[in-house]
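Accompanying notes for the structure given below.
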Amino acid sequence: MLLEQLRDMKQELRKFSRDTIDKHYLIIQQIYKGEIDIDILIESEITKSLVRIASKPYRDSDEKKYQNSIKMCRKLIKEWKELLKPEDFDIQIKKVKQEQKTNGNGSAKPSQAIDYEDNREKAIKGIKKFLSKRDPSEDYTQIAQDLEKAIFDQTDTLDKYKEKVKALAKHLDQDQQYRDQIIDRQLEPNKAIKQI
């Protein structure tokens, strides 16, 4: 791919959202399937846009194109992280962090997008397991996803995220009233997480 082409894509992907997913899915797919020279990759700074997208959470209820766009970006970032020199990759991450700080958006965790992906999937499974103590035949996937998202939104580092997940698991395991209130939707996910 040409440098100018990647720069144009980078600008388009800055507007990434659920409302524009059809257009942006095609762009991400083109990048995912294309061949990019390392020097052009660094100079274009396309990684900045993809890191932002890779750090976004998604739910099973989201449109497949939206989910797959984020997944493709995470795979690309993981591959590029192995190809680029650490200092080149870190520079891109720092620029994203600085822009997020300037824009007042400190909730994303771009440098840990790949680590978060694995931990989030495990967290949802673990939360679901403890919710199932009430009724193993019920499917608590959506509630588990809502609780995990609340933890993700309320923490700013991977360590804090893990601590909150462990604390939630302990509460769900030992406090039946707390567990029932969450399952019966008497206690909203955000408030439930703030209590622990």
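Quick notes on this one:
- Restricting the range 112-196 to trypsin sites (Lys or Arg not before Pro) in coil, as DSSP defines it, with at most 14 other Cβ within 10 Å: 133, 185
- Residues in the range 159-166 carry Karplus couplings, in order, of 5, 5, 4, 4, 4, 5, 4, 5 Hz; the curve used is 6.51 cos²θ - 1.76 cosθ + 1.60 with θ = phi - 60°, and Gly or Pro positions show x.
- Treating r as the C-beta distance of residue 195 and residue 169 and R0 as 22 Å, the FRET efficiency rounds to 0.95.
- At an R0 of 35 angstrom, the distance between the Cβ atoms of residue 160 and residue 1 translates into a FRET efficiency of 0.40.
- Here the Kirkwood formula, the inverse mean of 1/r across different C-alpha pairs, assigns the range 1-84 a hydrodynamic radius of 12.8 Å.
- Pairwise FRET efficiency - residue 62 versus residue 40, Cβ, R0 = 25 Å, nearest 0.05: 0.20
- Label positions at residue 79 and residue 132, each projected 7 Å from the Cα along the C-beta direction, are separated by 3.4 nm.
- Computed from point charges on the beta carbon alone (+1 for Lys and Arg, -1 for Asp and Glu), the dipole magnitude for the range 114-196 about its Cα centre is near 220 Debye.
- Average accessible area per residue (Å²) across the range 1-85 - probe 1.4 Å, nucleic acids and ligands excluded: 56 Å²
The values are calculated or read from the model by the stated rules, or taken from the named source; none is laboratory data. In this text, all values refer to a predicted model and were calculated from it rather than measured experimentally. No Cβ is skipped: glycine too gets one built from the backbone with ideal geometry, and neighbour counts run over all protein chains shown. For accessibility, only protein heavy atoms count, side chains too; no ligands or nucleic acids. Shrake-Rupley method; radii C 1.70, N 1.55, O 1.52, S 1.80 Å.
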